[in-house]
Amino acid sequence: MKASTSSLMQSGTVCSGASVDATRQPTASVARNAQQIAPAQDLASCPSQQTTSVTDTLSKHRGITVSDGGKQIIINNVYLGDKPLGALDKFNIYSWRALGHQVNIYTHPFTEEMKHTPASLGLQQGDANIISLKDTLDADNLVTDNNSPKKKLSDTRELLQRWLKAIPADGKPERDHIFNMVDLTKSYLGGSQRGVTVDLKVGPSPHLQAYSTAFNEKLISYTRGGNTSELPENQSMGTMGESDSLRSKYAEKFNAKVKMADLVNQDHNAKHYDSLTGYHGRSYQQSGNWLDVATKTPLKEQIGADQYKVSEPGSTGHGPFRVFKHPSDQTNKSGAIRTSPEQIYQLANETLNKELKPAVGADQSFLNKAEKAVNELNPKNKV
């Protein structure tokens with residue numbers, strides 16, 4: 001996967017939308033693709049360019065809420081580790097909720113016997129559905145229907161359970177072990193649960209509802225930053241279709257690749273996440289009915305430069321999602337452009353005031369929480 005985790009730097013966010021303490025191993029939804037709160041490079045050294053990329057290209061369209069006629073989307077997040085969510089994680093959760101969407105957070109603490117609650121994640125009751133990943137996998141073991149994607153993902157589930165059990169008793173897994181677990185979890189959920197599995201660094205764009213019908217009819221995924229040679233990446237994946245037919249196609253193809261690679265008998269601390277990203281991309285293409293929402297319109301036509309524009313740090317993206325990370329910002333790669341805290345703060349603030357607050361029927365309580373998260377993101381408020 002190339003997409004959701006936060007970085008191992010300040011205020012806790014690692015690769016895949018995760019959070020970490022700089023003094024120890026990454027703790028939250030860590031996978032090598034999350035927002036990187038690290039010293040800014042290149043763009044951060046050019047304030048005027050940074051401001052232009054964030055402000056001038058910002059979409060002027062407001063979000064459309066479920067209460068104002070939009071379709072509700074189920075958002076599935078992955079959060080592995082012990083720490084509370086970071087400010088950006090919470091901002092995106094509140095953004096989805098302000099627009100009326102459902103948010104599920106599949107959690108697995110690194111410390112044995114710990115169980116996440118809204119409070120342990122820094123949330124309040126009702127902000128999101130907090131779901132135990134371990135309990136989900138245990139329940140899926142009992143599925144007997146051979147046509148169910150959960151049954152078809154049996155080898156993937158066995159591997160994921162083995163990797164989760166391999167977390168050291170001190171609650172400090174190796175970085176590659178974490179990335180492996182996060183990427184595998186996202187594919188497992190994307191293939192077994194209704195909804196769209198997204199990294200915590202991913203929020204809604206104003207064009208979300210333009211793609212809502214496609215979410216029901218296709219498997220959606222995301223190509224960004226040229227990291228997987230035109231294969232879709234796993235920072236956004238899934239389908240809102242009620243039938244399991246599309247999920248089953250993906251599950252069967254993905255599980256076959258995991259089984260053939262015999263990952264269950266390989267070192268969990270070895271680097272497997274790049275292979276898992278490739279398994280995901282090829283399995284999506286083999287489903288025969290998928291949509292790359294970063295490069296294609298809802299009708300599967302090539303997106304034009306001025307279509308479905310989305311302002312992102314240092315760049316202009318396209319489609320139904322906003323990724324709060326520079327496309328070239330890869331935690332596991334040296335010499336990459338890093339997304340600065342200032343870029344993230346500016347963009348979150350613009351998103352709140354120009355897209356979320358003007359949305360007709362937006363939930364005021366979640367707008368208030370999003371505003372608090374923005375203030376927490378402000379580098380000037382850091383001690």
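Where in the range 173-194 is the amide nitrogen less than 18 Å from a point lying 7 Å along the Cα-to-Cβ axis of SER148?
188-194
For a quick check of your reading of the filter: which GluC sites (Glu not before Pro) in the range 220-286 sit in a DSSP loop and have no more than 16 other Cβ atoms within 10 Å?
Working: sites: GLU230, GLU233, GLU242, GLU252; in loops: GLU230, GLU242.
Within the range 220-286, the qualifying GluC sites (Glu not before Pro) (loop, at most 16 other Cβ atoms within 10 Å) are GLU230, GLU242.
Distance in nm between label sites at ARG62 and MET114, each 7 Å beyond Cα in the beta-carbon direction?
Each label point lies 7 Å from its Cα, and together they span 4.1 nm.
By average Cβ neighbour count within 10 Å, what is the ranking of 190-196, 312-318 from highest down?
Put in order of decreasing packing, that is 190-196, 312-318.
Using +1 on the beta carbon of Lys and Arg, -1 on that of Asp and Glu, and nothing else charged, what's the dipole of the range 205-362 about the Cα centre, debye to 20? The partial results should precede the final answer.
Details: 18 positive and 17 negative charges, 16 e Å.
Dipole about the Cα centre, nearest 20: 80 debye.
Each value in this text was obtained by applying a stated rule to the coordinates, not by laboratory testing. Values in this document were obtained by computation on a predicted structure and should not be read as measured data. Here the Cβ is made from the backbone with ideal geometry for all residues, glycine too, and neighbour counts use every protein chain on show.
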